[in-house]
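Heads up, the thing below is written out as structure tokens.
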Amino acid sequence: MSNIVNPLIEEYIRSIIGKNEGLLKEMEDYADEHHVPIIQPEVAKVLEVIAKLSGANHILEVGTAIGYSSIILSNATAENTKITTIERRKDMIEKAQQNIKKAGLTERIRILEGNAEEILPSLTDSFDFIFLDAAKGQYMEFLSACIHLLHPKGVLVSDNVLYKGMVASNQYVIRRKKTIVKRMRTYLDYIMHHPTLTSCLLPIGDGIAISYKK
Ligand code: SAM
């Protein structure tokens, strides 16, 4: 449980969302056992709704981990929607590839291996939905490339923006996380006031920001 959502409300929302079965459940158990930080159920639902609303043809994800959110996004979108996802850890990529194969989605999800800060500026495709879920301290580094890669009317969703409540209140901040918190505050201030973005912050999961590109 986080500092962000009242635990009773979170419990209720999770009970009404219901539980996954099959591969997604297997992946959740794996993530739990191996401490892989995958998206939380209520964040997964927001992503599904936005992906459907945006009618996304091409989605970019920064931070694949074991492929959980990539699979959720694929399942929520049309057969011809492609997902490009970036991950720097080889062990994660291997696991993600296995999961994507099991899900029968190898034709739709492409993993790019390496550091997002190097890969993003080299991409030439454009995207109608970008999901940012990588190192929290680097969001500012990714932002200008993400805005550039996003179609007008596209949506950028940034995860973990309230980081256990630390970004919202100094009373939650632990000393060794001060730099990340400071960087995330700068990021949020930037996206909330950026001339081409209309952004909002939602206190669900670990906090998400949704930005619409004008
Ligand atoms: N989106 C995934 C999901 O919900 O299933 C979880 C992603 S996890 C929170 C973050 C992942 O981003 C980690 O696997 C980490 O190795 C990767 N990552 C962090 N910083 C990165 C960077 N600069 N370039 C590429 N990958 C990065």
- Task: Run residue 125 past the list (1) out of contact with any helix residue (DSSP H, G or I) (no Cβ under 9 Å at 6 or more places or on another chain); (2) more than 9 Å from the ligand (Cβ to nearest atom); (3) among the charged types (D, E, K, R) and report the number of the one that doesn't hold.
- Result: (1)
- Note on the structure: residue 99 vs (1) more than 9 Å from the ligand (Cβ to nearest atom); (2) over 19 Å from residue 41 (Cα atoms): all pass except (2)
- Task: Quick one: which residue in 44, 51 is within 15 Å of the chain's Cα centre (by Cα), in a helix (DSSP H, G or I), among the hydrophobic types (A, V, I, L, M, F, W, C) and within 13 Å of the ligand (Cβ to nearest atom)?
- Result: 44
- Going through region 122-150 in order, the residues found to be touching a His at 6+ places or on another chain (Cβ under 9 Å) and either of a type in the set (Asp, Glu) or part of a strand (DSSP E or B) (or both) are 125, 127, 128, 129
- All strands (runs of 3 or more DSSP E) inside region 56-121 with 3 or more residues being crowded, with 23+ Cβ neighbours inside 10 Å: 58-62, 82-87
- In region 54-78, what residues are touching a helix residue (DSSP H, G or I) at 6+ places or on another chain (Cβ under 8 Å) and on the phi > 0 side of the Ramachandran plot? 63, 65, 67
- Message: When you check residue 191 against the structure, is it aliphatic (A, V, I, L, M), in contact (Cβ under 8 Å) with a residue 40 or more places away in the chain and not in a strand (DSSP E or B), yes or no?
- Response: yes
- Task: Please go through region 151-181 and pick out each residue that is part of a helix (DSSP H, G or I), within 16 Å of the ligand (Cβ to nearest atom) and either among the basic types (Lys, Arg) or in contact with a strand residue (DSSP E or B) (Cβ under 9 Å, 6 or more places away or on another chain) (or both).
- Result: 164, 177
- Note on the structure: Those residues of region 166-198 which are surrounded by 18 or more Cβ atoms within 10 Å (Cβ to Cβ) and among the small types (Gly, Ala, Ser) amount to 168
- Note on the structure: If we keep only residues of region 3-36 that are among the polar types (S, T, N, Q) and more than 13 Å from the ligand (Cβ to nearest atom), then the residue farthest from residue 135 (Cα to Cα) is 15
- Message: What are the pairs with Cβ atoms under 9 angstrom where one residue, in region 1-15, is under 19 Å from residue 161 (Cβ atoms) and the other, located anywhere, is assigned to a loop (DSSP other than H, G, I, E, B) and of a type in the set (Asp, Glu)? Sequence gap at least six, or different chains.
- Response: 2/206; 4/206
- Screening 4, 50, 17, 39 for residues that are in contact with a Ser or Thr (Cβ under 9 Å, 6 or more places away or on another chain), surrounded by 12 or more Cβ atoms within 10 Å (Cβ to Cβ) and of a type in the set (Val, Ile, Thr) leaves only 39
- Taking only pairs six or more apart or across chains, which ones have beta-carbon atoms under 6 Å, a first residue in region 127-143 that is touching a residue at least 60 places away in the same chain (Cβ under 8 Å), and a second residue that is within 12 Å of the ligand (Cβ to nearest atom) and of a type in the set (S, T, N, Q)? 132/158
- Considering region 102-122, residues that are more than 12 Å from the ligand (Cβ to nearest atom) and not charged (D, E, K, R), and then whichever is farthest from residue 186 (Cα to Cα), we arrive at 104
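Coordinate-derived values only; no laboratory data. Treat the numbers as computed from the prediction; the structure is a model and nothing was measured. Neighbour counts run over all protein chains shown; Cβ positions are idealised from the backbone, glycine included.
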